[in-house]
Amino acid sequence: MFANKKIILYELKLENFFDHGRSGFGNFKGLQSKLQYFKDLNVNIIAIDDILNQYQNNLNLDEVKNKYGSIKDFIDLVFEFKKNNIEVAPILDLSNIKQSFINWNNMMNLYKLNNESENEIKTSYLTKLDTYLLNKPFNQISLYDIFEFVKYFESILNFYIKLNVSSIILDNFEFLASAELKDEKKTGFINDLYKIIKRKIPNMTVIFKSSNNNSSLYKKLLNSKNKSFDYLYLTYLSIIQNKNKIKSNITKKVNFSHIYKFIKSFSKYPNVILALNSNKSGRFISKWGSEQSYFDESLKSMLLFLYAGNNSIGFYYGDEIGILRAKFKDDFSFNDENFNEEKRYYQSKNIKLENFFKYHCYFNKWSSYTQMPWDSKLSLNFKNNKNIFYAINHKDNNVKSSLNNKDSGLPFIYFLNKFISDSKYELFFKTNHFLIKHKSGVFMFKKNLKNEQIIFLINLTNEHKKIITPSDYLILSSSYINKFYSEMPKALSPFESLILFKSKN
């Protein structure tokens, strides 16, 4: 559908996004009610978790429908968004595809028992005991494994095709590139999976997703004569500091050289979707930006950084307004059974419990499961859900306040979308002719077009940075909205970023 053009993908957690009907959980109707919000953001694809997860070990169909909605609600959602040129794409965990197959069978069984056939799918049914079958994840490849994998995958694919889904995201796919195969055949199974999908529905948009840094494999796939995907969705930047020592993480000093290397590898590919955040780590503004004095500036600089290349863009829900880390109670264990043991270990290393807890607030994945803040109130809709998390800044920073604040992230995204896609400068972003430079947290993206040049000069640090001042450039925009520039600055303030333009005529 998108023909490898630059797109915007928005990934969200359905249960935390918007509750329509006060069930205590975000649901399909709630997501559908926010259609205009996504249109305003220029979003092309909405990524949600596999809807079959809702049926795992569940023997009560009414419970599922009351929380998240029915299959018909999902069909209506897909149809309504598609009318507005937005695709709803389920995320399938390929390493766990057997569990999805078990969930599908359980769902079919529940609908049969309930005498419902909303999507008119007819199949054989397993017993209720099959709901609890143990699932062995795929982590290596043999011919038998491939046979089993394809059987499960095709069943799930057929299910979504019948629901009119025409974009699909395949997560954790690297195991298909078996290390046992010769180099020239290493990507063969991935190529074949793509062909299986395209053979069934040629206009299906196929997106492979990964949070790893397997750059050699990604480059091999990108440069292969045999096409393996329509888009490659990479969220590695979200976990770039998660495995560092806690002492270094407390200072929140970012390894910009590592980020630069990764960004430079993929920023020229429109069919590579890069994201700064994911459900595997804490919120990126809390980790990299500023939670207080430079909040808006750091948010806008991060967003400008994401838009600067020719790559497609991935948002994890709430990134556009800069949701901060979740507000956890002091005794929260982050659902980690080893939490106390780990806590005692770091105590023995003279790391204070306060710092250990703060580290988890910044970097633990549970900080990403916050309620999407639509206004300053604790939503009454979620009153039935005791497990909901709220961001520490939700009262002052939410969608409503962002729309009313010209200095916030949302208006800046609207500006960037228009600047790149609907302005006299849009031709700069339709070519691959640009350079990236980096020094100590300051990034320069330089784009050339005939006798004109645009520079994105981005300071991603909370420090003042001296720069070599470009001469004869016009400042088109700044992350410091109220700052007046009488001349080109010789240094950038914390999180100060500029869009510069120069005509050589």
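In the complete set of protein chains, residue-level accessible area for S293 is approximately 90 Å², probe 1.4 angstrom.
Along the axis of the charge dipole computed for the chain (Cβ charges of +1 for Lys and Arg, -1 for Asp and Glu, origin at the Cα centre), the listed residues F38, S166, Q241 are led at the positive end by Q241. With the simple model of a label 7 Å out from the Cα in the direction of the Cβ, K424 to S216 spans 4.9 nm.
Quote to one decimal, in nm, the extra length available between K490 and L41 on full extension: 0.36 nm per residue of separation minus the C-alpha distance between them.
Extending this stretch completely gives an extra 158.3 nm.
About the centre of its Cα atoms, the chain shows a dipole size close to 1480 debye [charges on the beta carbon of Lys, Arg (+1) and Asp, Glu (-1) only; nearest 20 debye].
The HN-Hα couplings worked out from phi for region 21-32 by the Karplus form 6.51 cos²θ - 1.76 cosθ + 1.60 (θ = phi - 60°) are x, 6, 7, x, 9, x, 8, 4, 5, x, 5, 4 Hz, whole numbers, x standing for Gly and Pro. Accessible surface for the chain, divided over its residues, is 46 Å² per residue with a 1.4 Å probe. Note that region 341-358 has calculated 3J(HN,Hα) couplings of 5, 5, 4, 5, 4, 6, 4, 5, 9, 6, 9, 5, 4, 4, 5, 4, 5, 5 Hz, one per residue in order, obtained from phi through the Karplus relation 6.51 cos²θ - 1.76 cosθ + 1.60 (θ = phi - 60°); glycine and proline are x. What the Cα convex hull of region 273-317 gives, in volume per residue, is 64 Å³.
Please find the FRET efficiency linking L403 to E148, where r is the Cβ-Cβ separation and R0 is fixed at 56 Å, and quote it to the nearest 0.05.
Computed FRET efficiency for L403 and E148: 0.70.
Given R₀ = 41 Å, FRET efficiency for N350-S293 by Cβ-Cβ distance, to 0.05? With R0 = 41 Å, the Cβ-Cβ based efficiency is 0.85.
Pairs from the list K287/K329; K29/K400; K352/K439 with a Cα-Cα gap above 22 Å: K352/K439. With a Förster radius of 35 Å applied to the C-beta separation of Q56 and K253, the computed FRET efficiency comes to 0.30.
Shape of region 418-503 from its Cα gyration tensor (a ≥ b ≥ c, root eigenvalues): rounded if a/c is under 1.5, otherwise prolate when a/b > b/c, or oblate? Prolate, because a/c is 1.5 or more and a/b exceeds b/c. Among the protein heavy atoms of the chain, carbon and sulfur supply 48% of the accessible surface, probe 1.4 Å, non-protein parts ignored. Ignoring lysines fewer than eight residues from K151 along the same chain, the ones with Cα atoms less than 19 angstrom from its Cα are K98, K122, K136, K162, K195, K198, K200. Fully extending the segment from K83 to N335 would add 86.7 nm, taking 0.36 nm per residue of separation and subtracting the current Cα-Cα distance.
The values are calculated or read from the model by the stated rules, or taken from the named source; none is laboratory data. No experiment lies behind these values; they were computed from the predicted model shown. Here the Cβ is made from the backbone with ideal geometry for all residues, glycine too, and neighbour counts use every protein chain on show. Surface accessibility is based on the protein's heavy atoms, side chains included, excluding ligands, DNA and RNA. Shrake-Rupley method; radii C 1.70, N 1.55, O 1.52, S 1.80 Å.
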